[in-house]
Amino acid sequence: MKVLAMDTSSSVATVAIVSDDKVEGEIYLNHKMQHSVILFPMIEKLLEITENSLQDIDIIAVSGGPGSFTGLRIGVAAAKGMVQGSNKTFITVSSLEAMAYQQGCFDGVICPIMDALRDNVYTAVYEYKDGELINTMPIDALHIDELLDKLEAYSKILFCGDAVSIHIGRIKDRLKDKALFSTQNNMLPRASSIGEIALKKYSKGEISDIYTFSPLYIRKSQAEREYEKRTGEKIE
């Protein structure tokens, strides 16, 4: 099986081709957030340099969130467009799970944090049990202090995600030497991780539906919150 995987949930735009036995290629760009402009050229270039065509791809995998509202929409729309009308399989992967997966078999808990503005973070807690990555705290949007309250019970926590650079001082103050931090190359989601997880999900029959799936936003967008504040009307 071959997976064309992509992630646009953060400031990074990344695409990869992953097969059953290797990562054939990956492009990772963290330079300005122009996902709508660069995503398809990245896909075309990756297919070209790995000597693949879309006909060689069995699965299209994409980050399903949480993360940037606009970024998620771009990635999911692109993936759905490539799947629609073809016989390819559509699989979505949590951006938080992808970041946790990248940290390897860490012997504590892994806590990805993505910036949700106003000192809030999108987060979850994962840990490896018998070589499998397990989600032990569900995905949520929390104030950073509320999250740190929950994490004080753990003895070793590895942080990753774009909110690390924002809150690293507060994390160190609260958790002291319990807190560890990912290396820069694994700090943000990589498409190769999305692809590897997608293969695992495929083997378990965990397939997404392009007609019913929508990205996991958790919180309403800034535009929606401003509209509700201005008009007093709730957007469901």
If amide H atoms are modeled at 1.01 Å from N in the peptide plane, then the residues at a separation of 5 or more from LEU216, or on another chain, having amide H under 5 Å from its own are GLY65
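Under a Cβ-only charge scheme (Lys and Arg +1, Asp and Glu -1), can you give me the dipole magnitude of the stretch 120-181 about the Cα centre, in debye to the nearest 20?
Working: 8 positive and 11 negative charges, 49 e Å.
Dipole magnitude for the stretch 120-181 comes out near 240 debye.
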Placing one equal point scatterer on each C-alpha of the stretch 38-101 and summing with Debye, one gets log10 I(q)/I(0) at q = 0.13 Å⁻¹ equal to -0.39
Expressed in square angstrom to the nearest 10, the accessible area of CYS105 with a 1.4 Å probe stands at 100 Å²
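Rounded to the nearest 500, what is the 222 nm mean residue ellipticity of the chain from helices alone, with -39500 (n - 2.57) per DSSP H run of 4+ residues and division by all residues? Each step should come with its number before you reach the end.
On the way: 7 runs with 80 residues, N = 236.
So the calculated ellipticity at 222 nm is -10500 deg cm²/dmol.
Leaving ligands, DNA and RNA out of it, report the carbon-plus-sulfur percent of the accessible area of the stretch 1-133 at a 1.4 Å probe.
Working: 2520 of 5390 Å².
Looking at the stretch 1-133 in its full context, I get 47 percent from C and S.
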Expressed per residue, the solvent accessible area of the chain in Å² (1.4 Å probe) is about 48 Å²
The size of the Cβ-based charge dipole (Lys, Arg +1; Asp, Glu -1) of the chain about the Cα centre, to the nearest 20 debye, is 500 debye
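Find out how many positive minus negative residues lie around ILE74, taking Lys and Arg as positive, Asp and Glu as negative, among other residues whose Cβ is under 13 Å from that of ILE74. Each step should come with its number before you reach the end.
On the way: positive: ARG73, LYS80; negative: ASP7.
Counting the neighbours of ILE74, the net charge comes to +1.
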Log10 I(q)/I(0) at q = 0.13, 0.16 Å⁻¹ for the chain, from Debye over equal alpha-carbon scatterers, is -0.78, -1.12
Residues meeting the amide H criterion for LYS2 (H placed from the backbone, H to H distance under 5 Å, 5 or more places apart or on another chain) are ASP58, ILE59
Packing-ranked peptide list from 155-163, 28-36, highest mean Cβ count within 10 angstrom first, is 155-163, 28-36
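Write out the GluC sites (Glu not before Pro) in the stretch 14-65 meeting two conditions: DSSP loop, and at most 12 other Cβ atoms within 10 Å of their Cβ.
Working: sites: GLU24, GLU26, GLU44, GLU48, GLU51; in loops: GLU51.
Listed in order of number, the matching sites are GLU51.
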Given 200-207, 57-64, the highest-first ranking by average Cβ count within 10 Å works out to 57-64, 200-207
For the stretch 21-26, in residue order, the Karplus 3J(HN,Hα) values (coefficients 6.51, -1.76, 1.60; θ = phi - 60°; whole Hz; Gly and Pro = x) are 10, 6, 8, 6, x, 8
Amide H proximity to GLY25 below 5 Å, modelled H, separation 5+ or other chain, gives ILE17
Rounded to whole angstrom, the alpha-carbon centroid of the stretch 79-156 lies from that of the stretch 174-211 at a distance of 7 Å
Diffing the stretch 175-185: the Karplus 3J(HN,Hα) column from phi (6.51, -1.76, 1.60, θ = phi - 60°), in whole Hz with x for Gly and Pro, holds 9, 6, 7, 6, 8, 10, 9, 4, 6, 4, 5
A correct Karplus calculation of ³J(HN,Hα) over the stretch 5-20, with 6.51 cos²θ - 1.76 cosθ + 1.60, θ = phi - 60°, whole Hz and x for Gly and Pro, returns 10, 8, 9, 10, 7, 10, 5, 8, 10, 9, 9, 8, 10, 10, 10, 4
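The values are calculated or read from the model by the stated rules, or taken from the named source; none is laboratory data. Computed from a prediction, not measured in an experiment: that's the story for all the values here. Neighbour counts run over all protein chains shown; Cβ positions are idealised from the backbone, glycine included. When the accessible area is computed, the model is the full protein with side chains, heavy atoms only, and any ligands, DNA or RNA have been set aside. Shrake-Rupley method; radii C 1.70, N 1.55, O 1.52, S 1.80 Å.
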